[in-house]
Amino acid sequence: AYALLGKDSPPSLGRILNLRNSLIRAEKGGVLGVAELYSIGELLASLRAAKLFFQSRPDSAPILYQLVTFFPEEPKLEFVLLDCLESDGEVKDTASTTLSALRKRKFQASARILEKIQSYVSGKTREYLSDPLFTVRDGRYVIPVKSEHRAKIRGLIHDTSGTGQTVYVEPEDVLKAGNDLREIEGLEREEIQRILADFSARVGLVAAATCP
């Protein structure tokens, strides 16, 4: 190893981590998190790079050459984990066509909510507001309606000002658009969970070779 370091540039082994517990859980049918799966992808990539390096130098490093023959080679699994997952714990749109479609619907639904709520602070209802601004209460978009004009804007009251002169209302059409968004977000979470379960099952199939 020292001899090779002196004359070659071996691949980094920094991502070869001890992921035995994660691999055992996957082998037993457990669903791993995004960070775990991404680390396994990096592990497979590092093992493959090391194997290629030493196998191309059987005479220079005969002992290491023998050791790397036990390294697993799973390029398809490595590619799908690194191509579909982010190191920060996010699942990419490329993970599935369903997820990509849901993300587009989610973006469109969010845009519709903003368009609708903006119409209340810049349209004819502006005179009913104590301030021409919208805000967020418990994740829902609301507008500050003067108490005396409460009946003029149909919707759900989420909060009241300390003086009682302002009520924070989520307009009816914004409420419906918000519910549509929540439904899409629920489908997105389900699809992400399905993707993680699928990837974990793939990892489980090769876990015995990676973690003998």
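Close Cβ contacts (under 8 Å, 6 or more residues apart or on different chains) running from residues in the range 183-194 that are over 15 Å from LYS92 (Cα atoms) to residues that are of a type outside the set (D, E, K, R) comprise ILE184/LEU102; ILE184/ALA109; LEU187/LEU102. Filtering the range 50-94 to residues that are open to solvent by less than 50 Å² (accessible area, probe 1.4 Å), over 26 Å from the mean Cα position of the chain (by Cα) and within 19 Å of VAL203 (Cβ to Cβ) leaves LYS51, PRO72.
The residue pairs whose first member lies in the range 142-156 and is assigned to a loop (DSSP other than H, G, I, E, B), whose second member is among the polar types (S, T, N, Q), and whose beta carbons are closer than 8 Å, counting only pairs six or more residues apart or on different chains, are ILE153/THR125. Selection of the range 122-132 for residues being in contact (Cβ under 8 Å) with a residue 12 or more places away in the chain and open to solvent by less than 70 Å² (accessible area, probe 1.4 Å) yields THR125, TYR128, LEU129, SER130. Scanning the range 149-176 for residues that are of a type in the set (Gly, Ala, Ser), in contact with a Ser or Thr (Cβ under 9 Å, 6 or more places away or on another chain) and on the phi < 0 side of the Ramachandran plot returns a single hit, SER161. Contact annotation: residue pairs with Cβ atoms under 6 Å, 6 or more positions apart or on different chains, pairing a residue in the range 4-21 that is open to solvent by less than 100 Å² (accessible area, probe 1.4 Å) with a partner that is in a loop (DSSP other than H, G, I, E, B), are LEU4/PRO10; LEU4/ALA61.
When PHE199 is tested against (1) open to solvent by less than 30 Å² (accessible area, probe 1.4 Å); (2) in contact with a Leu (Cβ under 7 Å, 6 or more places away or on another chain); (3) in contact (Cβ under 8 Å) with a residue 60 or more places away in the chain; (4) over 30 Å from PHE71 (Cα atoms), exactly one condition is not met: (4). Within this structure, LEU205 passes the test of being part of a helix (DSSP H, G or I) and either open to solvent by 40 Å² or more (accessible area, probe 1.4 Å) or at pLDDT 95 or above (or both). If the condition is being aliphatic (A, V, I, L, M) and either open to solvent by less than 60 Å² (accessible area, probe 1.4 Å) or in contact (Cβ under 8 Å) with a residue 40 or more places away in the chain (or both), then the range 100-121 contributes ALA101, LEU102, ALA109, ALA111, ILE113, ILE117, VAL121.
The values are calculated or read from the model by the stated rules, or taken from the named source; none is laboratory data. The structure displayed is predicted, hence computed values, not measured ones. Positions of Cβ are backbone-derived with ideal geometry, glycine not excepted, and every protein chain shown enters the neighbour counts. Protein only, heavy atoms only, side chains kept; ligands, DNA and RNA dropped before computing areas. Shrake-Rupley method; radii C 1.70, N 1.55, O 1.52, S 1.80 Å.
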